[in-house]
Amino acid sequence: MKYSIAIHGGAGTISRRRFTPDKQIAYYQVLAQAIKTAENLLANGGTALAAVEAAVIILEDCPLFNAGKGAVFTNEGKHEMDASIMTGHDLQAGAIAFVHGVRNPIRLARAVMEQSEHVFLCGTGAEQFARKVGLPFEPESYFFTQDRYTQLLKAQKEDTIQLDHSENDSPKNDPLDKKHGTVGAVALDSYGNVAAATSTGGLTNKKFGRIGDSSIIGAGTYANNLSCAVSCTGYGEFYIRGVVAYDVSCLMEYKGLSLDDACQVVINDKQVKMGSDGGLIAVDAQGNVCLSYNSEGMYRAYKRHNSPLFVAVFDEELRID
Ligand code: ASP
(Lines give C-alpha, C1' and ligand atoms only; values in the text may rest on other atoms or scores of the structure.)
Protein backbone atom coordinates (compact mmCIF):
# COMPACT_ATOMS: atom_id res chain seq x y z
CA MET A 1 0.00 0.00 0.00
CA LYS A 2 1.41 3.35 -1.01
CA TYR A 3 1.02 6.19 1.49
CA SER A 4 2.88 9.13 3.06
CA ILE A 5 2.37 11.12 6.24
CA ALA A 6 4.23 14.24 7.40
CA ILE A 7 3.71 16.43 10.45
CA HIS A 8 5.08 19.63 11.94
CA GLY A 9 5.06 21.14 15.40
CA GLY A 10 6.05 24.67 14.46
CA ALA A 11 9.05 26.52 13.08
CA GLY A 12 11.07 29.42 14.39
CA THR A 13 14.20 30.49 16.18
CA ILE A 14 14.31 27.42 18.36
CA SER A 15 17.06 27.50 20.96
CA ARG A 16 19.66 24.76 20.49
CA ARG A 17 21.07 25.65 23.89
CA ARG A 18 17.91 24.64 25.68
CA PHE A 19 17.15 21.65 23.51
CA THR A 20 18.43 19.28 26.20
CA PRO A 21 18.54 15.48 25.80
CA ASP A 22 15.40 15.18 27.94
CA LYS A 23 13.55 17.56 25.66
CA GLN A 24 14.80 15.80 22.57
CA ILE A 25 13.32 12.57 23.87
CA ALA A 26 10.03 14.22 24.80
CA TYR A 27 9.62 15.83 21.38
CA TYR A 28 10.83 12.78 19.52
CA GLN A 29 8.35 10.57 21.33
CA VAL A 30 5.28 12.63 20.63
CA LEU A 31 6.21 13.34 17.01
CA ALA A 32 6.89 9.62 16.49
CA GLN A 33 3.62 8.71 18.21
CA ALA A 34 1.64 11.05 15.95
CA ILE A 35 3.29 9.60 12.84
CA LYS A 36 2.78 6.01 13.98
CA THR A 37 -0.89 6.58 14.78
CA ALA A 38 -1.50 8.13 11.38
CA GLU A 39 0.56 5.47 9.63
CA ASN A 40 -1.39 2.71 11.29
CA LEU A 41 -4.57 4.16 9.82
CA LEU A 42 -3.05 4.62 6.36
CA ALA A 43 -1.52 1.14 6.29
CA ASN A 44 -4.93 -0.34 7.09
CA GLY A 45 -6.87 1.45 4.38
CA GLY A 46 -7.67 4.61 6.34
CA THR A 47 -8.11 7.89 4.51
CA ALA A 48 -5.68 10.80 4.36
CA LEU A 49 -8.37 12.85 6.12
CA ALA A 50 -8.54 10.42 9.05
CA ALA A 51 -4.73 10.29 9.21
CA VAL A 52 -4.15 14.05 9.35
CA GLU A 53 -6.90 14.51 11.92
CA ALA A 54 -5.53 11.71 14.12
CA ALA A 55 -1.98 13.08 13.97
CA VAL A 56 -3.10 16.61 14.82
CA ILE A 57 -5.25 15.43 17.74
CA ILE A 58 -2.18 13.82 19.33
CA LEU A 59 -0.24 17.07 18.97
CA GLU A 60 -3.20 19.13 20.25
CA ASP A 61 -3.38 16.95 23.35
CA CYS A 62 0.32 17.49 24.10
CA PRO A 63 1.30 20.63 26.06
CA LEU A 64 4.61 20.87 24.18
CA PHE A 65 2.89 22.41 21.17
CA ASN A 66 0.95 25.60 20.61
CA ALA A 67 -2.40 24.03 19.74
CA GLY A 68 -5.24 22.64 21.84
CA LYS A 69 -3.95 21.97 25.35
CA GLY A 70 -0.70 23.92 24.83
CA ALA A 71 -2.28 26.94 23.11
CA VAL A 72 -0.55 30.24 23.89
CA PHE A 73 -2.15 33.05 25.89
CA THR A 74 -3.82 36.08 24.32
CA ASN A 75 -3.29 39.56 25.73
CA GLU A 76 -6.37 38.97 27.91
CA GLY A 77 -4.93 35.74 29.31
CA LYS A 78 -7.24 33.56 27.21
CA HIS A 79 -6.71 30.88 24.58
CA GLU A 80 -8.17 31.61 21.15
CA MET A 81 -7.68 28.76 18.76
CA ASP A 82 -7.70 28.52 14.97
CA ALA A 83 -7.73 25.37 12.82
CA SER A 84 -8.51 24.15 9.32
CA ILE A 85 -8.68 20.94 7.32
CA MET A 86 -9.00 20.14 3.62
CA THR A 87 -9.35 17.11 1.37
CA GLY A 88 -7.71 17.08 -2.06
CA HIS A 89 -10.03 14.81 -4.04
CA ASP A 90 -13.12 17.01 -3.69
CA LEU A 91 -11.68 20.35 -2.47
CA GLN A 92 -13.87 20.18 0.63
CA ALA A 93 -12.67 22.27 3.55
CA GLY A 94 -13.60 23.26 7.09
CA ALA A 95 -12.13 26.01 9.24
CA ILE A 96 -12.68 27.60 12.63
CA ALA A 97 -11.16 30.65 14.30
CA PHE A 98 -11.34 32.60 17.56
CA VAL A 99 -12.63 29.55 19.39
CA HIS A 100 -12.39 29.07 23.17
CA GLY A 101 -12.57 25.90 25.22
CA VAL A 102 -12.89 23.30 22.48
CA ARG A 103 -10.56 20.45 23.39
CA ASN A 104 -9.64 19.53 19.82
CA PRO A 105 -10.11 22.40 17.37
CA ILE A 106 -9.18 20.18 14.41
CA ARG A 107 -12.22 18.00 15.14
CA LEU A 108 -14.37 21.10 15.01
CA ALA A 109 -12.85 22.11 11.66
CA ARG A 110 -13.66 18.65 10.33
CA ALA A 111 -17.19 18.86 11.69
CA VAL A 112 -17.67 22.20 9.92
CA MET A 113 -16.55 20.54 6.67
CA GLU A 114 -18.73 17.47 7.06
CA GLN A 115 -21.72 18.55 9.11
CA SER A 116 -22.43 22.15 8.14
CA GLU A 117 -23.17 23.85 4.86
CA HIS A 118 -20.34 26.30 5.54
CA VAL A 119 -16.57 26.37 5.31
CA PHE A 120 -15.49 28.83 8.01
CA LEU A 121 -17.07 29.47 11.42
CA CYS A 122 -15.69 31.71 14.14
CA GLY A 123 -16.13 32.73 17.78
CA THR A 124 -19.26 32.00 19.73
CA GLY A 125 -21.05 30.69 16.65
CA ALA A 126 -18.35 28.10 16.11
CA GLU A 127 -18.54 27.18 19.81
CA GLN A 128 -22.34 26.76 19.55
CA PHE A 129 -21.81 24.51 16.56
CA ALA A 130 -19.22 22.49 18.50
CA ARG A 131 -21.81 21.92 21.26
CA LYS A 132 -24.44 20.99 18.71
CA VAL A 133 -22.23 18.28 17.21
CA GLY A 134 -21.22 17.05 20.67
CA LEU A 135 -17.53 17.94 20.77
CA PRO A 136 -15.87 18.04 24.20
CA PHE A 137 -15.02 21.34 25.90
CA GLU A 138 -12.43 21.95 28.60
CA PRO A 139 -12.21 24.63 31.32
CA GLU A 140 -9.58 27.40 31.06
CA SER A 141 -7.44 25.53 33.57
CA TYR A 142 -6.95 22.67 31.06
CA PHE A 143 -5.15 25.06 28.70
CA PHE A 144 -2.91 26.58 31.37
CA THR A 145 0.83 25.96 31.00
CA GLN A 146 3.19 27.84 33.28
CA ASP A 147 5.85 28.41 30.62
CA ARG A 148 3.41 29.99 28.25
CA TYR A 149 1.96 32.14 31.01
CA THR A 150 5.46 33.40 31.83
CA GLN A 151 5.92 33.99 28.11
CA LEU A 152 2.74 36.11 28.08
CA LEU A 153 3.87 38.22 31.04
CA LYS A 154 7.15 38.92 29.28
CA ALA A 155 5.46 39.77 25.97
CA GLN A 156 3.02 42.08 27.78
CA LYS A 157 5.87 43.83 29.55
CA GLU A 158 7.69 44.36 26.26
CA ASP A 159 4.44 45.09 24.40
CA THR A 160 5.25 42.57 21.68
CA ILE A 161 3.35 39.78 20.02
CA GLN A 162 5.38 36.73 19.26
CA LEU A 163 5.59 33.36 17.68
CA ASP A 164 5.40 30.78 20.40
CA HIS A 165 8.52 28.98 19.23
CA SER A 166 10.74 31.97 18.41
CA GLU A 167 13.21 32.98 21.01
CA ASN A 168 16.32 34.99 21.44
CA ASP A 169 19.11 32.58 22.25
CA SER A 170 20.92 34.99 24.50
CA PRO A 171 20.62 33.83 28.12
CA LYS A 172 20.60 37.47 29.17
CA ASN A 173 17.66 38.39 26.99
CA ASP A 174 15.85 35.15 27.19
CA PRO A 175 15.51 33.67 30.63
CA LEU A 176 12.38 31.79 29.62
CA ASP A 177 12.06 28.27 28.48
CA LYS A 178 9.62 28.94 25.68
CA LYS A 179 7.86 26.11 24.02
CA HIS A 180 6.94 25.64 20.44
CA GLY A 181 4.41 26.16 17.78
CA THR A 182 1.50 25.44 15.65
CA VAL A 183 0.90 21.89 14.51
CA GLY A 184 -0.04 20.39 11.18
CA ALA A 185 -0.22 17.23 9.14
CA VAL A 186 -0.38 16.28 5.47
CA ALA A 187 -0.98 12.83 4.03
CA LEU A 188 -1.42 10.78 0.88
CA ASP A 189 -3.56 7.67 1.28
CA SER A 190 -3.64 4.41 -0.62
CA TYR A 191 -6.55 5.69 -2.73
CA GLY A 192 -4.35 8.44 -4.13
CA ASN A 193 -6.04 11.22 -2.15
CA VAL A 194 -4.24 13.95 -0.21
CA ALA A 195 -5.39 15.95 2.84
CA ALA A 196 -4.00 18.69 5.06
CA ALA A 197 -4.76 19.90 8.59
CA THR A 198 -3.41 22.75 10.74
CA SER A 199 -4.18 23.84 14.32
CA THR A 200 -2.84 26.66 16.49
CA GLY A 201 -3.24 28.94 19.46
CA GLY A 202 -1.76 31.71 17.29
CA LEU A 203 0.65 34.31 18.64
CA THR A 204 1.40 35.00 22.31
CA ASN A 205 -0.16 38.31 23.47
CA LYS A 206 -2.34 38.61 20.36
CA LYS A 207 -5.14 41.21 20.62
CA PHE A 208 -8.26 42.53 18.97
CA GLY A 209 -9.52 39.16 17.73
CA ARG A 210 -6.40 38.56 15.64
CA ILE A 211 -6.69 35.50 13.41
CA GLY A 212 -3.68 33.92 11.69
CA ASP A 213 -3.08 31.86 8.60
CA SER A 214 -3.72 28.47 10.23
CA SER A 215 -7.48 28.76 9.82
CA ILE A 216 -7.35 30.29 6.36
CA ILE A 217 -7.74 27.89 3.46
CA GLY A 218 -5.06 28.72 0.90
CA ALA A 219 -2.84 30.52 3.40
CA GLY A 220 -2.01 28.01 6.15
CA THR A 221 -3.72 24.92 4.74
CA TYR A 222 -4.50 23.63 1.26
CA ALA A 223 -5.06 20.27 -0.44
CA ASN A 224 -5.66 19.36 -4.08
CA ASN A 225 -5.12 15.96 -5.68
CA LEU A 226 -3.91 17.75 -8.83
CA SER A 227 -0.92 19.10 -6.91
CA CYS A 228 -0.31 18.56 -3.20
CA ALA A 229 -1.40 19.03 0.40
CA VAL A 230 0.28 21.76 2.48
CA SER A 231 0.29 22.84 6.14
CA CYS A 232 2.24 25.97 7.15
CA THR A 233 3.75 27.44 10.29
CA GLY A 234 5.26 30.86 10.91
CA TYR A 235 4.21 34.43 11.47
CA GLY A 236 0.73 34.18 10.02
CA GLU A 237 0.49 37.68 8.61
CA PHE A 238 3.18 36.82 6.03
CA TYR A 239 1.54 33.51 5.20
CA ILE A 240 -1.81 35.19 4.63
CA ARG A 241 -0.28 37.88 2.41
CA GLY A 242 1.73 35.27 0.50
CA VAL A 243 -1.27 32.88 0.21
CA VAL A 244 1.49 30.37 0.82
CA ALA A 245 -0.22 26.98 0.77
CA TYR A 246 -2.15 27.78 -2.40
CA ASP A 247 0.92 29.32 -4.00
CA VAL A 248 2.81 26.03 -3.65
CA SER A 249 -0.14 24.21 -5.19
CA CYS A 250 -0.45 26.74 -8.04
CA LEU A 251 3.24 26.51 -8.94
CA MET A 252 2.78 22.77 -9.34
CA GLU A 253 -0.58 22.84 -11.09
CA TYR A 254 -0.06 25.76 -13.46
CA LYS A 255 3.70 25.85 -13.90
CA GLY A 256 4.49 22.16 -13.62
CA LEU A 257 7.05 22.57 -10.84
CA SER A 258 7.97 19.58 -8.70
CA LEU A 259 6.91 19.60 -5.05
CA ASP A 260 10.46 20.38 -3.92
CA ASP A 261 10.92 23.20 -6.42
CA ALA A 262 7.55 24.77 -5.59
CA CYS A 263 8.31 24.74 -1.84
CA GLN A 264 11.78 26.10 -2.49
CA VAL A 265 10.41 29.06 -4.48
CA VAL A 266 7.75 29.90 -1.91
CA ILE A 267 9.64 29.37 1.36
CA ASN A 268 13.25 30.09 0.44
CA ASP A 269 12.67 32.85 -2.06
CA LYS A 270 9.29 34.60 -1.92
CA GLN A 271 8.78 34.37 1.85
CA VAL A 272 12.39 35.31 2.56
CA LYS A 273 12.02 38.39 0.36
CA MET A 274 8.89 39.33 2.30
CA GLY A 275 10.92 39.09 5.52
CA SER A 276 9.18 36.14 7.08
CA ASP A 277 10.58 33.09 8.78
CA GLY A 278 8.75 29.82 9.13
CA GLY A 279 8.08 26.76 7.09
CA LEU A 280 5.68 24.19 5.72
CA ILE A 281 5.19 20.51 5.18
CA ALA A 282 3.78 19.16 1.94
CA VAL A 283 3.00 15.89 0.21
CA ASP A 284 2.14 15.45 -3.44
CA ALA A 285 -0.17 12.97 -5.12
CA GLN A 286 2.80 10.69 -5.86
CA GLY A 287 3.70 10.53 -2.17
CA ASN A 288 6.77 12.78 -2.31
CA VAL A 289 7.27 14.68 0.92
CA CYS A 290 8.82 18.12 1.39
CA LEU A 291 9.63 19.67 4.78
CA SER A 292 10.75 23.19 4.01
CA TYR A 293 11.70 26.03 6.36
CA ASN A 294 13.71 29.22 6.33
CA SER A 295 13.93 29.57 10.11
CA GLU A 296 16.49 28.06 12.43
CA GLY A 297 14.48 24.92 12.92
CA MET A 298 11.12 23.25 12.49
CA TYR A 299 9.71 20.38 14.52
CA ARG A 300 8.94 17.85 11.84
CA ALA A 301 8.61 14.18 11.02
CA TYR A 302 7.51 12.02 8.15
CA LYS A 303 7.10 8.44 7.07
CA ARG A 304 6.46 6.99 3.65
CA HIS A 305 5.21 3.43 3.17
CA ASN A 306 8.68 2.38 2.03
CA SER A 307 10.97 4.57 4.14
CA PRO A 308 12.06 4.69 7.79
CA LEU A 309 10.65 7.23 10.23
CA PHE A 310 12.37 10.61 9.95
CA VAL A 311 12.24 13.08 12.87
CA ALA A 312 14.15 16.38 12.96
CA VAL A 313 14.15 19.82 14.56
CA PHE A 314 17.27 21.45 13.15
CA ASP A 315 19.03 20.55 9.91
CA GLU A 316 20.25 17.18 11.11
CA GLU A 317 18.00 14.20 11.77
CA LEU A 318 17.00 13.64 15.40
CA ARG A 319 17.80 10.09 16.40
CA ILE A 320 16.83 8.61 19.75
CA ASP A 321 18.36 5.20 20.34
N1 ASP B 1 0.98 30.55 11.91
C2 ASP B 1 0.52 30.72 13.25
C3 ASP B 1 -0.21 32.04 13.37
O4 ASP B 1 0.27 33.02 12.84
C5 ASP B 1 1.60 30.70 14.27
C6 ASP B 1 2.58 29.54 14.18
O7 ASP B 1 2.79 28.98 13.12
O8 ASP B 1 3.15 29.17 15.22
O9 ASP B 1 -1.22 32.09 14.03
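If you average the sequence gap of Cα pairs under 8 Å that are 6 or more apart and divide by the length of region 1-122, what percent do you get for the contact order? About 17 percent, as a whole number. Each Lys and Arg adds +1 at its Cβ and each Asp and Glu adds -1 at its Cβ; summed about the Cα centre, region 10-118 shows a dipole of about 580 debye. Distance between the modelled labels on Met1 and Leu226, one decimal in nanometres: 2.9 nm (7 Å Cα→Cβ projection). Ellipticity at 222 nm from helices only: DSSP H runs of n ≥ 4 in the chain, each -39500 (n - 2.57), divided by the residue count, give -9000 deg cm²/dmol. Cross-link pairs exceeding 24 Å between alpha carbons, from the set Lys157/Lys207; Lys36/Lys132; Lys69/Lys207: Lys36/Lys132. Model label points for Asp147 and His305, set 7 angstrom from Cα along the Cα-to-Cβ axis, are 3.7 nm apart. When nucleic acids and ligands are ignored and a 1.4 Å probe is applied, His118 ends up with an accessible area of around 90 Å². Taking Cα centre as origin and charging only the Cβ of basic (Lys, Arg, +1) and acidic (Asp, Glu, -1) residues, the dipole magnitude of the chain rounds to 360 debye.
Among bridges DSSP assigns within the chain, what percent are antiparallel (round to 5)? Expressed as a percentage, antiparallel bridges in the chain total about 95.
Taking amide hydrogens as placed 1.01 Å from N in the peptide plane, the amide H of Ile161 sits under 5 Å from that of no residue at least 5 positions away in sequence or on another chain. Remark: the Lys23-Ser116 segment gains 29.5 nm on full extension, using 0.36 nm per residue and subtracting the alpha carbon distance. Between Asp315 and Thr13, residue separation times 0.36 nm minus the direct Cα-Cα distance comes to 107.4 nm.
Here's how it looks for Gln92: its modeled amide H is under 5 Å from those of Thr87, which are all 5 or more places away or on a different chain.
Each Lys or Arg adds one and each Asp or Glu subtracts one; over the other residues with Cβ under 13 Å from the Cβ of Ala195, this totals -4.
Ordered by 1.4 Å accessible area with all protein chains kept, Ile57, Ile35 run largest first as Ile57, Ile35.
Residues Leu135, Leu59 ordered from highest to lowest accessible area at a 1.4 Å probe: Leu135, Leu59. Exposure check, 1.4 Å probe, all protein chains in place: Phe98 carries approximately 60 Å² of accessible surface.
Converting the Cα gyration tensor eigenvalues of the chain into ellipsoid dimensions via √(5λ) gives semi-axes, longest first, of 26, 23, 19 Å.
The values are calculated or read from the model by the stated rules, or taken from the named source; none is laboratory data. Please read all numbers here as calculations on a predicted model, not as lab measurements. For neighbour counting, all protein chains shown are included, and Cβ atoms are generated from backbone atoms with ideal geometry for every residue, glycine included. These accessible areas exclude ligands, DNA and RNA; they are computed on the full protein's heavy atoms, side chains included. Shrake-Rupley method; radii C 1.70, N 1.55, O 1.52, S 1.80 Å.
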